[in-house]
Amino acid sequence: MTKRVARAWVGLVLGIAGTVPAASDASADCLRRVYNRSNFVLVVRNEAGPPVTLPPGRSVPVRLSRPGQIDVSAYCGIPGGEPVLHRTFDYEAVLDRCFVRFGDDLFVPQLGRGFFGTQETAPFTVNNPRQGDIVLGPAAQPACAVPSAVLSRRG
């Protein structure tokens with residue numbers, strides 16, 4: 001074997017050995033956000049972490065890794081009891097693509113996922129402003145019962 005062939009083999013082996021750790025360090029994690037633009041208090045629970053309480057007008061980052069689910073519950077005040085709204089969203093996290101799945105698989109290759117929205121996401125907006133984001137906006141929300149003592153001007 002000549003020096004040239006030996007160096008080529010060494011270079012090839014080192015090149016392959018150098019790419020193995022780099023490929024195993026690749027992650028499918030994405031950092032996305034849940035926005036609360038409503039008057040409710042949200043509790044966001046991701047499979048990868050503990051629940052997070054989100055007051056009105058705030059947002060929280062959520063790490064999406066491997067396919068999973070995010071549970072979002074809305075409360076009129078301090079979280080506890082029965083939520084006013086509750087949704088569970090499936091998400092995909094593959095390589096650098098993270099998005100919330102909705103809709104069915106009918107005509108996916110032709111029209112894209114969710115063209116026929118059989119999975120209702122309202123009043124939440126998903127995949128906006130970025131793929132994987134979830135927003136609870138101020139429109140079309142159920143009302144919270146307000147005690148009459150709060151509305152009384154008598155004191």
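The values are calculated or read from the model by the stated rules, or taken from the named source; none is laboratory data. Here the structure is a predicted model, which is why all the values come from computation and not from measurement. Backbone-built Cβ (ideal geometry, glycine too); neighbour counts: all protein chains shown. Accessible surface is based on the protein model in full, side chains and every heavy atom, while ligands, DNA and RNA are left aside. Shrake-Rupley method; radii C 1.70, N 1.55, O 1.52, S 1.80 Å.
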Need one number: nm distance between label points at L85 and E47, each 7 Å from Cα along Cα→Cβ, rounded to one decimal. 2.4
Taking every other residue with Cβ under 14 Å from the Cβ of A93 and scoring Lys and Arg +1, Asp and Glu -1, one gets 0
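How much net charge surrounds N46 when only the other residues with a Cβ under 11 Å from the Cβ of N46 are counted, with Lys and Arg +1 and Asp and Glu -1? Before the final figure, lay out the partial values.
Values: positive: R32, R45, R63; negative: E47, D71.
The answer is +1.
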In nanometres, the difference between 0.36 nm per residue of separation and the alpha-carbon distance of R101 and L31 is 23.6 nm
What's the ranking of 67-78, 30-41 by average number of surrounding C-beta atoms within 10 Å, highest first? 30-41, 67-78
Hey, if we sort E47, E92, E82 by accessible area with the 1.4 Å probe, largest down, what's the order? E82, E47, E92
